[in-house]
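A short write-up of the structure that comes next.
Read-outs: derived from the displayed coordinates by stated rules, not from any lab. None of the values given here were measured: they were computed from a predicted structure. We place every Cβ from the backbone using ideal geometry, glycine too, and count neighbours over all the protein chains shown.
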Amino acid sequence: MRCTYGSIHGVVFYSDYFNSEYKILRQNKVAEGLKMTEIQRCTWAQKPIFHEYHDTEWGVPVMDDRVQFEFLTLEAAQAGLSWETVLKKRAAYRVAFADFDPVVVATFGSAEIEAMMGNPGIIRNRAKITAAIKNATAFLAVQKEFGTFNKYIWSFVSGKPVVNAIHGPADYPSRSTVSDALSKDLKKRGFSFVGTTIIYAHLQATGLVNDHEMSCFRKNS
C-alpha cells in the first residue's frame, strides 16, 4: 500500500483504500444493473448518505455564526469517529444543542449534560459534550470582541476561500498553516477539541478552504 494520505473531516485515509472503495461501489452498481450518475463528485462523497451534504453544504462559504458554531460542535464530536456517524446523528444534535444557539448552550449545566449522556441520538462522550458547552462561552467572547465570529474566522484567510488543486485522495491535506494558526488562537481563547486536524476539517466544511476535487461538479460552483 502506498503511504499517501489526506484528511476529510479529520479522518486520515490512505488513497488505495478510497480508490478500492470507489471501484467496489462502481462494480456493485453495474452488478445491480444501475446506471452510474453523470454527476462527478469528490471521491469521498460516493456513498448516497454523503450526496446531499457534499452537493449543498461542504465547501460552501459560511457567513452565519450559528452554522459556524454547529460545525465546530459537530467536528469536535466526530473526533476519532466517522463523519457518516455524525451525519446520522445531526438531527438529534440540533435538538440537544438548542439548534446550535451558543447563547443557550453556554447556559447548560449538569442537568443538561446528564440528559445528553442518556441521549442515544448523539455521541455520548462527556468530554465532547462539556467541551461544546465551554466552546459556546468562548464563542460568545469572540463575538463580543469582533462583532461576529465570522469576521474573526474569515480574517485567517483574508476574507477569501483558499482554493487547493485536489486531483484525488492523495492530495487532501490534513492540516495547513491556516489551520495551525487558527487552532493555536482558538486554544488561547479557551476552546477545546480544536486541534489543527479538526480545524482543517472545519475550514473545508465551512468553505474557508475549497478542497473539492478538480473533476467535481462543485469545484467552481
**Asked** Under 5 Å between amide H atoms, partner at least 5 residues away or on a different chain: which partners does V162 have, H built in plane at 1.01 Å?
**Response** V209, N210
**Prompt:** Which length gain, in nm to one decimal place, applies between V60 and T137 when the Cα-Cα distance is subtracted from 0.36 nm times their residue separation?
**Reply:** 25.1 nm
**Request:** Mind giving me the FRET efficiency for T177 and S82? R0 is 22 Å, r the Cβ-Cβ distance, nearest 0.05 is fine.
**Result:** 0.25
**Fill in**
For the S221, A115 Cβ pair and Förster radius 41 Å, calculated FRET efficiency rounded to 0.05 is 0.50
**Asked** Cβ under 12 Å from Y53's Cβ, Y53 left aside: what net charge do those residues give with Lys, Arg +1 and Asp, Glu -1?
**Response** +1
**Message:** To make sure I understand the rule: partners must be aspartates and glutamates, Cα under 20 Å from the Cα of K160, and not fewer than 8 residues away in the same chain. Which ones qualify?
**Reply:** E57, D64, D65, D180, D185, D211, E213
**Complete:** With a 27 Å threshold on alpha-carbon distance, the violating pairs from K188/K219; K88/K184; K89/K134; K151/K184; K47/K184; K144/K219 are K188/K219; K88/K184; K47/K184; K144/K219
